[in-house]
Amino acid sequence: MYVIDSRNSQSQFHRSLHVSYPNVEDKERARKLGTSPGGDIFIHGLPNGYGFVGAAHSARDWTDGCLAVTDQEIEEIWRLVGNGTPIEIRP
(Lines give C-alpha, C1' and ligand atoms only; values in the text may rest on other atoms or scores of the structure.)
Protein backbone atom coordinates (compact mmCIF):
# COMPACT_ATOMS: atom_id res chain seq x y z
CA MET A 1 0.00 0.00 0.00
CA TYR A 2 1.28 3.43 -0.96
CA VAL A 3 -0.05 6.97 -1.35
CA ILE A 4 0.18 9.78 -3.86
CA ASP A 5 2.63 12.00 -2.01
CA SER A 6 3.42 14.79 -4.49
CA ARG A 7 2.64 16.09 -7.95
CA ASN A 8 4.59 17.79 -10.70
CA SER A 9 2.89 19.92 -13.34
CA GLN A 10 6.30 20.72 -14.92
CA SER A 11 7.35 17.11 -15.45
CA GLN A 12 9.09 15.82 -18.59
CA PHE A 13 5.81 13.92 -19.02
CA HIS A 14 2.35 15.44 -19.23
CA ARG A 15 1.85 15.88 -15.47
CA SER A 16 3.06 13.34 -12.94
CA LEU A 17 1.90 12.05 -9.57
CA HIS A 18 4.55 10.54 -7.31
CA VAL A 19 3.81 7.23 -5.59
CA SER A 20 5.37 6.78 -2.14
CA TYR A 21 7.33 3.67 -3.20
CA PRO A 22 9.52 2.24 -1.70
CA ASN A 23 8.11 1.86 1.78
CA VAL A 24 9.94 0.37 4.78
CA GLU A 25 8.95 -3.20 3.86
CA ASP A 26 10.13 -2.75 0.27
CA LYS A 27 13.49 -1.45 1.46
CA GLU A 28 13.91 -4.35 3.90
CA ARG A 29 12.97 -6.93 1.26
CA ALA A 30 15.52 -5.43 -1.15
CA ARG A 31 18.19 -5.34 1.56
CA LYS A 32 17.66 -9.05 2.26
CA LEU A 33 17.92 -9.78 -1.46
CA GLY A 34 21.04 -7.65 -1.78
CA THR A 35 19.47 -5.36 -4.35
CA SER A 36 18.12 -1.86 -4.70
CA PRO A 37 14.40 -1.37 -4.14
CA GLY A 38 14.32 1.22 -6.92
CA GLY A 39 12.18 4.30 -6.63
CA ASP A 40 10.82 7.34 -8.43
CA ILE A 41 7.56 5.64 -9.33
CA PHE A 42 5.04 7.98 -10.94
CA ILE A 43 1.65 7.91 -12.57
CA HIS A 44 2.10 10.15 -15.59
CA GLY A 45 0.95 11.08 -19.06
CA LEU A 46 2.96 10.77 -22.24
CA PRO A 47 6.31 12.49 -22.81
CA ASN A 48 5.75 16.17 -23.50
CA GLY A 49 5.03 16.71 -27.18
CA TYR A 50 3.84 13.12 -27.76
CA GLY A 51 0.24 13.36 -26.62
CA PHE A 52 -0.89 12.50 -30.15
CA VAL A 53 0.24 8.90 -29.54
CA GLY A 54 -2.74 8.42 -27.21
CA ALA A 55 -3.60 4.89 -26.13
CA ALA A 56 -1.17 3.42 -28.68
CA HIS A 57 1.55 4.01 -26.06
CA SER A 58 0.41 0.83 -24.33
CA ALA A 59 1.61 -1.34 -27.25
CA ARG A 60 4.98 -1.67 -25.53
CA ASP A 61 6.42 -1.22 -22.04
CA TRP A 62 8.40 2.03 -22.12
CA THR A 63 7.96 3.40 -18.60
CA ASP A 64 10.77 1.78 -16.60
CA GLY A 65 8.40 0.97 -13.75
CA CYS A 66 6.00 3.91 -13.85
CA LEU A 67 2.30 3.80 -14.62
CA ALA A 68 1.66 5.64 -17.88
CA VAL A 69 -1.72 6.83 -19.07
CA THR A 70 -2.85 9.09 -21.90
CA ASP A 71 -2.65 12.84 -21.43
CA GLN A 72 -6.45 13.01 -21.21
CA GLU A 73 -6.46 10.32 -18.53
CA ILE A 74 -3.79 12.03 -16.41
CA GLU A 75 -5.77 15.28 -16.62
CA GLU A 76 -8.78 13.50 -15.14
CA ILE A 77 -6.71 11.70 -12.50
CA TRP A 78 -4.93 14.98 -11.63
CA ARG A 79 -8.29 16.67 -10.97
CA LEU A 80 -9.85 13.83 -8.99
CA VAL A 81 -6.95 12.37 -6.98
CA GLY A 82 -5.42 14.42 -4.21
CA ASN A 83 -2.17 13.96 -2.33
CA GLY A 84 -2.61 11.33 0.36
CA THR A 85 -4.83 9.13 -1.83
CA PRO A 86 -4.08 5.45 -1.13
CA ILE A 87 -2.61 3.40 -3.98
CA GLU A 88 -2.46 -0.39 -3.98
CA ILE A 89 0.07 -1.95 -6.32
CA ARG A 90 -0.17 -5.69 -6.82
CA PRO A 91 2.33 -7.94 -8.58
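The values are calculated or read from the model by the stated rules, or taken from the named source; none is laboratory data. The model shown is predicted, which means the values in this text are computed figures rather than measured ones. Because the Cβ atoms are built from the backbone with ideal geometry, glycine has one as well, and the counts that use them run over all protein chains shown. Surface areas here come from the heavy atoms of the whole protein model, side chains and all, with no ligands, DNA or RNA. Shrake-Rupley method; radii C 1.70, N 1.55, O 1.52, S 1.80 Å.
Structural remarks
- Per residue, the average separation of C-alpha pairs within less than 8 Å and at least 6 apart gives the chain a relative contact order of 37 percent.
- Across the accessible surface of the range 14-91, with the other protein chains kept in place and a 1.4 Å probe, carbon and sulfur atoms take up 53 percent.
- Accessible surface, the chain, averaged per residue in Å² (probe 1.4 Å): 68
- Under 5 Å from the amide H of Ile41 lie the amide H atoms of Val19, Tyr21, each residue being 5 or more positions distant or on a separate chain, with H modelled from the backbone and absent for Pro and chain starts.
- When each of the peptides 38-46, 63-71, 1-9 is scored by the mean number of other C-beta atoms lying within 10 Å of its residues, the order from highest to lowest reads 38-46, 63-71, 1-9.
- Each residue of the range 11-22 was assigned a 3J(HN,Hα) from its phi angle through the Karplus curve 6.51 cos²θ - 1.76 cosθ + 1.60 (θ = phi - 60°); the sequence is 5, 6, 10, 6, 6, 8, 10, 7, 9, 6, 7, x Hz, with glycine and proline shown as x.
- The range 24-91: C-alpha gyration tensor shape, a/c 1.5 cut-off, then a/b vs b/c: oblate
- C-alpha long axis of helix 71-80 to longest principal axis of the chain, angle in °: 60
- Computed from Cα atoms, the angle from the helix 24-33 axis to the main principal axis of the chain rounds to 70 degrees.
- For the chain, the dipole from Cβ point charges (+1 on Lys and Arg, -1 on Asp and Glu) about the Cα centre works out to 200 debye, to the nearest 20.
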